[in-house]
Amino acid sequence: MNGSRCSYAPRHFRLHTGNKSVAVILFAIYLLSLSTVIYTDSYEATLEQQRKLTYGAWHAAVYDVDEDSWEAISSHATVATAGRMEIVGYAVDKEGGLIGGVGYIDESLAEIGNISLLDGHFPAASDEIAVEASFLTRLGYSYELGQTISLPIVQDVVDGEVKNYEFTLTGVVKNYSTLWKSNNYWLTSFFLEQNTLPVQQQYIFVELLPQYVEYADSLIQLCPDDSSFVKNDFTYLQYSDQNAPQMDRAMLQTIIILAGCVAVVILINNELNKRKESFISMRMLGATRGQIIKLFFQGKAVPVLASSLIGILCGLGLPYLLYLLLRTRSDAAGLCFALNARHITRTVALLAAGITVAFGFGLIRLFQIPLRGKPQLQVASGNFHRRRRLNEKNLFSILNLAHFKSSILSTALTFATALFVFISAYQAWSAYEEYDFFCRNYPSDYSYGTLTILYPPTSAMSEDTLNEIKTAYGVKTVQAYSISDYYGAVPSGDYDTEYAEMVREFLANTVGARFDAPMYAPVIGISDDLYPFFAESVDTQLLSGDSLETGDVILYLPDFFVVDNNLINVDLASATQESGTILSDSKIAVGDTLTIDVNGESHRLRIAGIIHAFDDDFPTMFHPGRPNSLICNMETYRAIFGACQYGYVLVYGDDAAIQYQTDVELSKISSPLPLSNRRVERMEQRQRLGMRVFLALILSVSGFLMAMLVRFGLYSAMEKENLARYRALYQLGMSRKDLWRWLTRNATADTLTGSTMALFVLMCWRYMQERDQVRSFANYVFSGAWSLFRDAIERCVAYTDWFFVLCMFFFVVAINLIVLISYNRRYALQEANFYNCT
Amino acid sequence: MNDTILSVSKLTKAYGHQTSKTYALSNVSFSVSEGSFTAIIGRSGSGKSTLLNTIGGLEAPSGGNVIVKGQDLYAMPDSARTAFRRRNIGYVFQFFNLIPELTVYENICLPSYLDRKRPDRNFTDQVMEKLGLISMQEKYPAELSGGEQQRTAVARALAHKPAILLADEPTGNLDRRNGDELMALLHFSHRFFRQTILLVTHDLEIARSAGRIITLEDGHILSDVGGDDL
């Protein structure tokens, strides 16, 4: 036996196509898994590298830091590199407005901040200057090196004294200052040699050692009280809550490993089925179980090891070749090739474990090979002791007993496929909804100010600044909100005292002041082009035309929910608990007047419309938030307050303009209201959406393909037995139509069961999302597990896009049915017809 | 007794394409009377099983026609042909083709259930009794011996009273004793139920027990001997 075994093994490898299939599958699993790991790691690293190029590679910064703190921070154990920026003054334009910081950066900062030169060099003498490209344009200079730059500088903003300096331009710096997270501190846009002028402020930017990246907060205790500490969450997403790539990698790997291992099990099972008779014969001739097992696995060893090794090499090599190919492209800035040893080792270990388990299955089957017996009789040795008697109605359900195992497998495969499709597609859909929500709620390209929903504005923009914005480069349209403080108001008619008391209580809790008058109201002046948004939400009205009449107001009387002893405004995103009575005012009516006292002067306003709740699609950006808000036009506002004090300004850019230049121009307009660049945020959201959709497609398609591969593998493994059954039934007179109906009914049942199970898991996942969301609300009143469950379920029902879910469900059911029915049609039925009792 | 129940006329069955056609049957014509027992013999590859499958409505011929009980089998649409053969043709196969998840009794009743009809319990009991299956009617095929499995297959073929019973090498998978017993059963059925039987075999000894022997060779009828000539 020994001699024949040695010579048998290589011949065995040549003869059995099962080895080739196993080798191909293993090669594919290793290749796909490692490529996936490297792709996701590289993609992640590339995005981070691109963000580093844009927003700087520093992890944290402390603005306005003294020398002692600088020393303490730069020598801290967690810090790898510290970069210094010194501000010596601020450049002013012809009108005296501050336009940018003047100062010095050291080499470390230039390196970790990726502050690079488009041309020339940084200054090396006190009469030299390097300037950010957009600032040269703004001051009317070209990029020509060697020209003299005349720069008015304010060194001390308190005394405001402007001094003129002349420098020789030695370098043009790539724009960076408007992109960095600066907490409204001026960054250096005009670069001088160190010690050219006395230092007014200094900042420190640090790059942390890799092992301490997560502990950036530990630097806070070294910061002076009046400094500002920021973590660079523009570049490092671990400082924010975005962890999508890890999840996608895990999902992809799970699919590949699971499907691959199942495929190996199927192939081994098929091969064992084919070789069972010869193994039985060998056993009869005296071979031991050990010898047969050795024989079987000896034949597998070389192809398994060789294909695994080649798969690993190709899995590592092919992505690298792709990287080399992509690197030659001009738009490949920041492209990274990441080989994360931990991820790769873990993947290979997982695969090896999975494959070992898969081969273990073969081992178990080999142990079961009997010593003797007739193969065809063993096939039918299943135990069918059961059940009710056969009659003319239950034929199919009894025949299905034999299909129970394949039905479970088919259902499980549909479930797995549907789950991947559901979750990845739902994530993509959520990303789309997020993007759509952002576009609807933040339609402008820029906004000044933050929506302080419940509080009076702490600062406002003047008419002059607004005009400056209107005339800035690239600005097309400007919409503005004027928001006043709270003033006492007296309605002419009756009013609901209970509601008024509730509002007072609410304002006392939120604004921190208890008002004495029956009504206290802020006045909100809106530009005419904002009027249509409000008109949509007005319940009762005396409105006509495209704008509010002077002297008319829309009164915002929000509906309230009572939650225990707290009041929550229904219109706010945090209002989740609908467990109390809705309180609303029904006594103040349109046509009534309101008298508002401002600085001792009374103003009589007519209530032309009342809003109790804003429509769902009302942009959050325009939401007045404050109860009793009196929304009027700008003329009315000016008539009451003399001038507009803008609390919120929306700017729409001109598509024909150079958008980056508009960014720079607007950022240089001095305003007490912070500027948000919605255009860039929108762009980033769009990129995220694209990425998510792409990944969803990859996940869904690969999930489907893998499931199909496994499904057909399983079918082919069970084909012999099933075909014999179909054939017998056909020969006994079951019509093809009945056979077709039976198989289709089974396929439909398996598909619907699997898809419904996946839908249930999706809903559980949604429930967990909503439960976390509910818990995250600061003012959520936790009154027990049942109440949390109920609130999360309510949100789950309300915030799930059922139309999309149903579309996905039917799509998955349809695809699975098409696959199953085509299989039945192509193989089962034709084969059943073709095979004869020869 | 002399009414023709099966008529085969110029039956041809070819496999392959135009250039490489192989004829399994070539212009085969014969007829079978009601209540007769006919054996078809021939060597392997002579076309006997193809002939039986074609007569049974399982495999469409390339030419010619098969008339069973006056009906041209291949002039019917597929669904009608299926129903026709379900009601009029009984099959006994070499490998029994029993359904493993059904009991002996259920296997025997299966053709009726496929026809959505309640089986004739009295007749089924009678068949089972005659074939010695009463005591094992609740057993599953895996619990039976080869001979018992084949008896069950014969009972299944007889239970719905077919016009003609086609047996394809029914003893091929049985030992001599079980084979003889089965042949005795078929003769008993032929006599007792007046069952028309068409049997395919390569065993001359078995064929000799039939009333007529048709010999096939390379798809042609080599001889057709019956009655006293036999």
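What FRET efficiency, computed as 1/(1 + (r/R0)^6) with R0 = 25 Å and r the Cβ-Cβ distance, is obtained for A:LYS181 and A:ARG775, rounded to the nearest 0.05?
Values: r = 28 Å, r/R0 = 1.14.
With a Förster radius of 25 Å, E is 0.30.
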Exercise. With labels modelled as points extended 7 Å from the Cα through the Cβ direction, what inter-label distance (nm, one decimal) is found for A:LEU363 paired with A:THR497?
Worked result: 8.6
Seminar exercise, completed: Non-local residues with an amide H under 5 Å from the amide H of A:LEU118, with H modelled 1.01 Å from N and Pro and chain starts lacking one, are A:VAL172, A:VAL173, A:LYS174
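Please give the length that would be gained between A:PHE789 and A:PHE694 if that part of the chain were fully extended, namely 0.36 nm times their separation in residues minus their C-alpha to C-alpha distance (nm, one decimal). Present the calculation step by step, with values, prior to reporting the outcome.
On the way: separation 95, 0.36 × 95 = 34.20 nm, distance 3.38 nm.
Taking A:PHE789 through A:PHE694 to full extension adds about 30.8 nm, to one decimal.
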Problem set entry | Per-residue mean of C-beta atoms belonging to partner chains within 10 Å, peptide B:51-58 | 3
Seminar exercise, completed: Taking a crude spin-label model, label points 7 Å out from Cα along the C-beta direction, the A:LYS294 to A:ALA798 distance in nm is 7.1
Problem set entry | Vicinal HN-Hα couplings computed from phi for segment B:120-125 (Karplus, 6.51 cos²θ - 1.76 cosθ + 1.60; Hz; Gly/Pro x) | 6, 4, 5, 5, 4, 4
Exercise. For the peptides A:71-77, A:155-161, what is the packing order when you average, over each peptide's residues, the other Cβ atoms within 10 Å and list the highest mean first?
Worked result: A:71-77, A:155-161
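To the nearest 20 debye, what charge dipole does the protein assembly as shown have about its Cα centre, counting +1 at the Cβ of each Lys and Arg and -1 at the Cβ of each Asp and Glu? If you can, show how the numbers build up before the last one.
Details: 91 positive and 111 negative charges, 2228 e Å.
Roughly 10700 debye, rounded to the nearest 20.
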For this session: Enter the mean number of other protein chain beta carbons within 10 Å of the beta carbon of each residue in B:104-116, as an integer.
Result: 4
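Please say if segment B:1-144 is rounded, prolate or oblate, where rounded means a/c under 1.5 for a ≥ b ≥ c the square roots of the C-alpha gyration tensor eigenvalues, and otherwise the choice is prolate for a/b larger than b/c and oblate otherwise? Could the numbers behind the result be given before it?
Working: a/c = 2.04, a/b = 1.76, b/c = 1.16.
The shape class here is prolate.
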Problem set entry | For segment A:28-38, 3J(HN,Hα) per residue [Karplus equation, 6.51 cos²θ - 1.76 cosθ + 1.60, θ = phi - 60°, Hz, x = Gly/Pro] | 5, 5, 4, 4, 5, 5, 5, 4, 4, 4, 5
Exercise. Farthest toward the dipole's positive end in the protein assembly as shown, which of A:LEU729, B:ILE40, B:ALA142, given Cβ charges of +1 (Lys, Arg) and -1 (Asp, Glu) about the Cα centre?
Worked result: B:ILE40
Seminar exercise, completed: Spelling it out for A:GLN202: with amide H atoms placed in the peptide plane at 1.01 Å from N, the residues 5 or more places away or on another chain with amide H under 5 Å from its amide H are A:ASP64, A:VAL65, A:ILE87
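Nearest 20 debye, what's the magnitude of the dipole of chain B about its Cα centre given +1 on Lys and Arg Cβ and -1 on Asp and Glu Cβ? Display every interim value, and only then the final one.
Working: 25 positive and 26 negative charges, 119 e Å.
Around 580 debye, computed over chain B.
Taking every residue in B:93-100, how many Cβ atoms of other protein chains lie within 10 Å of its Cβ, on average?
6
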Exercise. Any idea what diffusion coefficient the protein assembly as shown gets from Stokes-Einstein, in µm²/s, Kirkwood Rh on alpha carbon pairs, 10 °C, 1.306 mPa s?
Worked result: 42
Seminar exercise, completed: Karplus-derived 3J(HN,Hα) from phi for segment B:93-101 (6.51 cos²θ - 1.76 cosθ + 1.60, θ = phi - 60°), whole Hz, x at Gly and Pro, runs 9, 5, 9, 6, 6, 7, 8, x, 8
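Around A:ARG51, what is the net charge, scoring Lys/Arg as +1 and Asp/Glu as -1 over all other residues with Cβ under 13 Å from its Cβ? Show your work: numbers first, answer last.
On the way: positive: A:LYS52, A:LYS181, A:ARG688; negative: A:GLU44, A:GLU48, A:ASP233, A:GLU684.
Local net charge: -1.
Determine the alpha carbon to alpha carbon distance for each of A:LYS476/A:LYS668; A:LYS274/B:LYS13; A:LYS737/B:LYS10 and list only those over 27 Å.
Pairs exceeding 27 Å: A:LYS274/B:LYS13; A:LYS737/B:LYS10.
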Exercise. How large is the dipole of segment B:173-230 about the Cα centre if only Lys and Arg carry +1 and Asp and Glu carry -1, each at its Cβ, rounded to the nearest 20 debye?
Worked result: 360
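Since every read-out is calculated from the coordinates, none of them should be taken as a lab result. Please read all numbers here as calculations on a predicted model, not as lab measurements. Please note: Cβ atoms are built from the backbone with ideal geometry, for glycine as well, and neighbour counts cover all protein chains shown.
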